[in-house]
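Enquirer: Here's a structure for you.
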Amino acid sequence: MPIPQGDRPFDKLAAELMAEQFAANPVLGSALGCTEYDDVLPDLSADAVAARERAEDEWSRRLRGLDAADLDAEERIDRDLVLMVLRGRAVQRDWADWRRSPDHYAGPALTGVFNLLMNRLRPEPELARAVAARLRAVPRLLEQGAENLDPALAHPALLTRALAQIGAGAGYARSVGEQFTDEADRSAVVAAGEIAALAFERFGTHVESLVEQATGEWSIGEGRYDALLRQAEGLAYGTRELRERGRAAYEELAADMRERSQALRETENFLEVLRGFNDDHPETPEDMLALYQEATDAARAFCAEHQLVTLPAGERCVVAPSAPFTRAALAVAHYVQPPPFAAAPPEGARPGHFFVPYPPDGSTPEQVAARLATNNRHGAWSIAVHEAYPGHHWHFAWLAANAAGGGARPLRFVFGSAYFVEGWGLYAEDLLREKGFFQTPEQELCQRDFRLFRAARIVVDTSLHLGEMTIEEAVDFMSTKCSLSRETARAEVLRYCAWPTQASSYLTGALEIDRMRRRWVNESRGTLREFHDRAAGSGRLPIGLVEQALFPEVTGRVAG
């Protein structure tokens, strides 16, 4: 499907910008439903990165030069959205993460194929040709990664972290052909998959060789972190104030959890109580999948019964095992949205996918048991709310339905903020607790725990990037202040090192959404469902722009 385009001058400018973005990142174009990008992977050579940065500077200049009087209110928000995202990229430019992290190369190589097969927007022969083309493009992309990665900039722990995904990539590439029934299609994909698998193996060997040489850092520093919060998110505070907010939230939640634990098990040691919940877990990955399906169905029914959100006609959330290549690197549930620019199939809207964290292929019985224990029968209900209803799936299904009806802004699918997306998921958990969805004290304690975990993330993420906490100190914090095993805590901390500010987005965004909700209600702007529909329907905007969308009289902190 071609890029959506309206009739106004700004619509034509937006379509031009989106076409440039998809040419630079064809995996994103495919994920959004623009199938003309399906057979290529991005060019991530140093020259291409430099050209992309020059193009972003030019777009910033063009957008700042627009006369606000020529734009309507939604177009002004679109303009400011792009400017904020581009400012965030500019803030990080001198950090040159593309020279530090193998994820920039292995990630698109894998998801670029997986998303094509998940969404299946083409007839099978065309799909097979696109998949084979992307697999054949993997060696070039990974060779660019090998050329770009600089051991003087990369940190050895982050290189080691990437090896699991790279190793799984080889196995995944060799398995892709199994998804095609026609012999000719399958043979072509199998041959291309072998080419890609060998490239993953070479890339893994190269990355492993860099580990001993690597002397780089992970901490982006206070200046960059501050700028990302203020300039890219439109928040009114910087890193140190954010850390204090995280500490205060942690203490408030911990006090509540001590009271709940005392009532439930006659002890204030809530971490001990929570770890005991892990003994009550599904027996097999298939049982875990069934548990998440049950919780997802219940959450959807609850949202409908209590009229918390408007459920789009035909929306559907598929609860499925996680992709094999994600299982080693991603030990938690996650969600992938339906492609909003794709034409709807005859049976209705395209589904979103809620992926359940299956153990990696080849796991020992002990490793399988550990994965199942962290997805116990009490915590799964909060996770389903966050990932499905009224969390990520409802949010993106609502946006996709609005896009199909001409009501959503196309640019807001291309540019966005984790602070609203992840903040919305965490806000949804607390909303359903408040409305009585969780049926047992154990489920409620788990919901409180997941929120406390996000408060701890703020403390650790900010401290790491301020340079005031080491990796080992961060692992100690997350494994003693939260109900995480030390192994899980280490995986979490390395994620924070690799993806600065993202870990802080969950609770920060949830608190900001709750603040806006209180204002909406206090000023009698509409019903609770109308607040949810309007806030989530604004897109994936930075927090400052969500507030403008809800309260048009709000200005400041976002333009310039």
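Enquirer: For the range 174-195, enumerate the residues that are touching a residue at least 24 places away in the same chain (Cβ under 8 Å) and among the acidic types (Asp, Glu). Break it down stepwise before answering.
Expert: Our first condition is that a residue be touching a residue at least 24 places away in the same chain (Cβ under 8 Å); within the range 174-195, this holds for 175-176, 179-182, 185-186, 188-189, 191-193, 195.
The answer is Asp182, Asp185.
Enquirer: If the requirement is being at pLDDT below 95 and either surrounded by 22 or more Cβ atoms within 10 Å (Cβ to Cβ) or within 30 Å of His378 (Cα to Cα) (or both), which of these qualifies: Ala510, Ala491? Step through it out loud before you land on a result.
Expert: Details: Ala510 fails: at pLDDT below 95.
Among Ala510, Ala491, only Ala491 is at pLDDT below 95 and either surrounded by 22 or more Cβ atoms within 10 Å (Cβ to Cβ) or within 30 Å of His378 (Cα to Cα) (or both).
Enquirer: Has the range 357-380 got any residue that is under 17 Å from the mean Cα position of the chain (by Cα) and assigned by TED's automatic domain parsing to the domain that holds Asp279?
Expert: Initially, the range 357-380 is screened for residues under 17 Å from the mean Cα position of the chain (by Cα), giving 357.
Checking which are assigned by TED's automatic domain parsing to the domain that holds Asp279 leaves us with 357.
Yes, that holds for at least one residue.
Enquirer: Among Phe437, Phe453, which is the only one that is within 27 Å of Asp280 (Cβ to Cβ) and either at pLDDT below 95 or outside any helix (DSSP H, G or I) (or both)? Can you show your working first?
Expert: Working: Phe453 fails: either at pLDDT below 95 or outside any helix (DSSP H, G or I) (or both).
Every option except Phe437 fails the conditions.
Enquirer: From the set of residues in the range 196-210 that are surrounded by fewer than 21 Cβ atoms within 10 Å (Cβ to Cβ) and touching a residue at least 60 places away in the same chain (Cβ under 8 Å), which is farthest from Glu126 (Cα to Cα)?
Expert: Among residues in the range 196-210 that are surrounded by fewer than 21 Cβ atoms within 10 Å (Cβ to Cβ) and touching a residue at least 60 places away in the same chain (Cβ under 8 Å), the one farthest from Glu126 (Cα to Cα) is Leu210.
Enquirer: Could you list, in sequence order, the residues of the range 267-286 that are charged (D, E, K, R) and loosely packed, with under 13 Cβ neighbours inside 10 Å?
Expert: First pass over the range 267-286, keeping only residues charged (D, E, K, R): 268, 272, 275, 279-280, 283, 286.
Glu272, Asp279, Asp280, Glu283, Glu286 - these are the residues of the range 267-286 that are charged (D, E, K, R) and loosely packed, with under 13 Cβ neighbours inside 10 Å.
Enquirer: Further, regarding this structure: Out of Asp461, Asp476, Asp430, which single residue is within 22 Å of the chain's Cα centre (by Cα), surrounded by fewer than 23 Cβ atoms within 10 Å (Cβ to Cβ) and under 19 Å from Tyr250 (Cα atoms)? Steps first, answer last, please.
Expert: Numbers: Asp461 fails: surrounded by fewer than 23 Cβ atoms within 10 Å (Cβ to Cβ); Asp476 fails: within 22 Å of the chain's Cα centre (by Cα).
It is Asp430.
Enquirer: Pull up the range 40-51, narrow it to residues that are surrounded by fewer than 15 Cβ atoms within 10 Å (Cβ to Cβ) and among the aliphatic types (A, V, I, L, M), then point me to the one that is nearest to Pro9 (Cα to Cα). Before you say what the answer is, go through the steps one by one.
Expert: Restricting attention to the range 40-51, the residues satisfying the condition of being surrounded by fewer than 15 Cβ atoms within 10 Å (Cβ to Cβ) are 46-48, 50-51.
Now narrow it down to the ones that are among the aliphatic types (A, V, I, L, M): 46, 48, 50-51.
On the way: Ala46: 34, Ala48: 29, Ala50: 29, Ala51: 26 Å.
Across the range 40-51, the extreme among qualifying residues is Ala51.
Enquirer: Output yes when any residue across the range 91-98 is of a type in the set (A, V, I, L, M), modelled with pLDDT under 95 and loosely packed, with under 15 Cβ neighbours inside 10 Å, and no when none is.
Expert: Residues of the range 91-98 of a type in the set (A, V, I, L, M): 91, 96.
Then keep just the ones that are modelled with pLDDT under 95; that gives none.
No - not one qualifying residue is present in the range 91-98.
Enquirer: For the range 210-222, enumerate the residues that are within 24 Å of the chain's Cα centre (by Cα) and closer than 15 Å to Asp94 by Cβ.
Expert: Quick first cut of the range 210-222, residues within 24 Å of the chain's Cα centre (by Cα) only: 217-222.
Within the range 210-222, Glu217, Ser219, Ile220, Gly221, Glu222 meet the criteria.
Enquirer: Checking Ala128 against (1) under 25 Å from the mean Cα position of the chain (by Cα); (2) closer than 27 Å to Asp182 by Cβ: exactly one of these is not met. Which one?
Expert: The number of the failed condition is (1).
Enquirer: Looking only at the range 168-195, how many residues end up being under 29 Å from Glu217 (Cβ atoms) and surrounded by fewer than 18 Cβ atoms within 10 Å (Cβ to Cβ)? Steps first, please.
Expert: Filtering the range 168-195 for residues under 29 Å from Glu217 (Cβ atoms) gives 168-169.
Among the residues that remain, those that are also surrounded by fewer than 18 Cβ atoms within 10 Å (Cβ to Cβ) are: none.
Residues that pass the stated criteria total 0.
Enquirer: Pick from Arg79, Arg87, Arg64, Arg54: which is under 22 Å from Leu411 (Cα atoms), in contact (Cβ under 8 Å) with a residue 12 or more places away in the chain and surrounded by fewer than 15 Cβ atoms within 10 Å (Cβ to Cβ)? First the steps, then the outcome.
Expert: Values: Arg79 fails: surrounded by fewer than 15 Cβ atoms within 10 Å (Cβ to Cβ); Arg87 fails: surrounded by fewer than 15 Cβ atoms within 10 Å (Cβ to Cβ); Arg54 fails: in contact (Cβ under 8 Å) with a residue 12 or more places away in the chain.
Testing whether each residue is under 22 Å from Leu411 (Cα atoms), in contact (Cβ under 8 Å) with a residue 12 or more places away in the chain and surrounded by fewer than 15 Cβ atoms within 10 Å (Cβ to Cβ) leaves just Arg64.
Enquirer: Right, another one. Can you name the residue in the range 484-541 that is assigned to a helix (DSSP H, G or I), in contact (Cβ under 8 Å) with a residue 60 or more places away in the chain and of a type in the set (S, T, N, Q) and, of all such residues, is farthest from Arg247 (Cα to Cα)?
Expert: Out of the qualifying residues, it is Thr488.
Enquirer: Quick one: how many residues across the range 351-403 are on the phi > 0 side of the Ramachandran plot and touching a residue at least 60 places away in the same chain (Cβ under 8 Å)? Lay out the reasoning, then the answer.
Expert: Initially, the range 351-403 is screened for residues on the phi > 0 side of the Ramachandran plot, giving 362.
Add one more test, that the residue is touching a residue at least 60 places away in the same chain (Cβ under 8 Å), and what stays is none.
Adding up the residues that qualify gives 0.
Enquirer: Quickly run through the range 360-382 and pick out the residues that are in a loop (DSSP other than H, G, I, E, B) and either closer than 16 Å to Leu291 by Cα or out of contact with any Lys or Arg (no Cβ under 6 Å at 6 or more places or on another chain) (or both). Break it down into steps so the answer makes sense when it comes.
Expert: Residues of the range 360-382 in a loop (DSSP other than H, G, I, E, B): 360-364, 374-379.
Once the filter is applied, which keeps residues that are in a loop (DSSP other than H, G, I, E, B) and either closer than 16 Å to Leu291 by Cα or out of contact with any Lys or Arg (no Cβ under 6 Å at 6 or more places or on another chain) (or both), the range 360-382 yields Asp361, Gly362, Ser363, Thr364, Thr374, Asn375, Asn376, Arg377, His378, Gly379.
Enquirer: Could I ask something else about it? Do we have Val521 as aliphatic (A, V, I, L, M) and not assigned by TED's automatic domain parsing to the domain that holds Leu308 here? Step through it out loud before you land on a result.
Expert: Values: aliphatic (A, V, I, L, M): yes; not assigned by TED's automatic domain parsing to the domain that holds Leu308: yes.
Considered against the rule, which asks whether it is aliphatic (A, V, I, L, M) and not assigned by TED's automatic domain parsing to the domain that holds Leu308, Val521 comes out as yes.
The values are calculated or read from the model by the stated rules, or taken from the named source; none is laboratory data. Everything numeric in this text was worked out from a predicted model, so none of it was measured. Virtual Cβ from ideal backbone geometry, glycine too; neighbours counted across all protein chains shown.
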